[in-house]
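The next block holds one structure in the form of structure tokens; read it before the comments.
The values are calculated or read from the model by the stated rules, or taken from the named source; none is laboratory data. Because the structure is predicted, anything quoted here is derived from the model rather than measured. For neighbour counting, all protein chains shown are included, and Cβ atoms are generated from backbone atoms with ideal geometry for every residue, glycine included.
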Amino acid sequence: MDNGSETKETKPLRHGYTTGSCATAAAKAALTALILQEKQTEATIRLPIGQDVTFEIVRCEFTADHAEAELIKDGGDDPDATHGARIISAVTWRTESGFELDGGIGVGRVTKPGLPVPVGEAAINPVPRKMIRETIASVLNQFELEHRGVRVVVSVPDGEEIAKKTLNGRLGILGGISILGTRGIVVPFSTAAYKASVAQAIRVAVKCGCTHVVLSTGGRTEKYGMEMYPELPEEAFVEMGDFIGFALQQCKNQGIAKVTLVGMMGKFSKVAQGVMMVHSKSAPVDFGFLARVAGEAGATEEQTNAILGANTAALVGDWMVEWGYTAFFELLSRYCCEAGLQEVKGGMDIETAIISMKGSLLGQFVKTQD
């Protein structure tokens, strides 16, 4: 301090965020904008140290097949050369599946061996690469678009100028800065770890006195569940991910009287057939089944034939809305309830709510215990 003295309440230094975290948050916002065709003003990501942080998006633009989001890097109270830099992530759909990551303007290229990134590639270090890849996969999973391929390009408009203040040139990284961030360890997505967290969340709900638990497949569906049941405590809401059967069984084992399942078309079209692990790789969508349900809801032969040729369950859902067959979603919800009760051999009430990508209710059904 200027006077050389210290106050009794010295504020702790405010920490900042790495370029890798910024690029990840921008990529999440851009992909979300691309999917929803809606401007995003913030993005929440999980840092390598296991902490969730929300970043402000200062610019977000999109078309039908391209979106980009920009934020300003905050170096905290110990700013480095990149403090205040504009970090931009642009996202486009790939024609094939899979994930592609590259650097644009202001992100350096590796020209010498010995760095953690191969020669010729953008200087985006392994941890940020993993953060971006996993965050993109998580968003695709949330919107049941796991089959879509995505390309992400990270840019730093002033990166070439900023790089002059770093050792990049000496390291053989030319044309801009590196996208860095290795603080702490990355918590890997593990089936066993995720199941354990679901089981623990349900145990906590029971200990808090909950007899009604709302199981959702992701963040957006959980938010809808909270709007459905504002009177329930926070502990009653559990993100089960793809582990529908496991979560239902845990609820049965813990004596839960009523379970509400909240999800979207893709995953719940599988649950309706009795598939209780709904990851895209473990169970493809059965369009023959969806066509049969559409027929039960009143769809014509021409319409059911169109469904057989559909490429996503979400598209079938869009058609059902467009064609006015709202009974389709109630039927699908009923089949989900029946399949859930069969899975746990009765003993609880099961409710199913199917929502759209934009978070509006498509259909629901409640079935009491057998």
(request) Considering each residue of region 297-324, count those that are out of contact with any helix residue (DSSP H, G or I) (no Cβ under 6 Å at 6 or more places or on another chain), more than 26 Å from Ser216 (Cα to Cα) and either surrounded by 14 or more Cβ atoms within 10 Å (Cβ to Cβ) or aromatic (Phe, Trp, Tyr) (or both), and give that number. (result) 4
(request) Look at Ile105 and say whether it is surrounded by fewer than 17 Cβ atoms within 10 Å (Cβ to Cβ) and β-branched (Val, Ile, Thr). (result) yes
(request) With respect to Lys258, determine if the residue is crowded, with 17+ Cβ neighbours inside 10 Å, basic (Lys, Arg) and either at pLDDT 95 or above or outside the structural domain of Leu332 (by TED's automatic domain parsing) (or both). (result) yes
(message) Which of the numbered conditions does Val344 fail, given that it passes all the others? Conditions: (1) among the β-branched types (Val, Ile, Thr); (2) farther than 26 Å from Ala247 by Cα; (3) touching a residue at least 60 places away in the same chain (Cβ under 8 Å).
(response) (2)
(message) Could you check region 140-166 and list, in sequence order, the residues that are closer than 30 Å to Gly266 by Cα and of a type in the set (S, T, N, Q)?
(response) Asn141, Gln142
(message) If I filter region 7-22 for residues that are modelled with pLDDT of 95 or more and more than 16 Å from the chain's Cα centre (by Cα), do I get at least one hit?
(response) no
(request) Pick out, from region 47-103, the strands (runs of 3 or more DSSP E) lying fully within it that include 2 or more residues that are within 17 Å of the chain's Cα centre (by Cα), at pLDDT 90 or above and outside the structural domain of Asn168 (by TED's automatic domain parsing). (result) none
(message) So, in region 33-69, how many residues would count as being without any contact (Cβ under 8 Å) to a residue 60 or more places away in the chain, surrounded by 16 or more Cβ atoms within 10 Å (Cβ to Cβ) and closer than 12 Å to Val91 by Cα?
(response) 7
(message) If Ala196 satisfies all but one of (1) modelled with pLDDT of 75 or more; (2) of a type in the set (A, V, I, L, M); (3) surrounded by fewer than 16 Cβ atoms within 10 Å (Cβ to Cβ), what's the number of the condition it fails?
(response) (1)
(request) List every residue pair whose Cβ atoms sit under 7 Å apart, with the two residues 6 or more apart in sequence or on different chains, where the first one lies in region 283-309 and is farther than 22 Å from Ile244 by Cβ and in the same structural domain as Tyr325 (by TED's automatic domain parsing) and the second, anywhere, is among the aromatic types (Phe, Trp, Tyr) and part of a loop (DSSP other than H, G, I, E, B). (result) Ala294/Tyr325; Ala297/Tyr325; Gly298/Tyr325; Ala299/Tyr325
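Report yes if Gln250 is more than 15 Å from Leu341 (Cβ to Cβ) and touching a helix residue (DSSP H, G or I) at 6+ places or on another chain (Cβ under 6 Å), otherwise no.
yes
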(message) So for region 342-351 (the condition being at pLDDT 95 or above, touching a Leu at 6+ places or on another chain (Cβ under 6 Å) and in a strand (DSSP E or B)), does at least one residue qualify?
(response) yes
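In a helix (DSSP H, G or I), of a type in the set (Gly, Ala, Ser), in contact (Cβ under 8 Å) with a residue 60 or more places away in the chain and farther than 20 Å from Leu362 by Cα: is that true of Gly245 in this structure?
Yes; evaluated as a whole, the condition is true for this residue.
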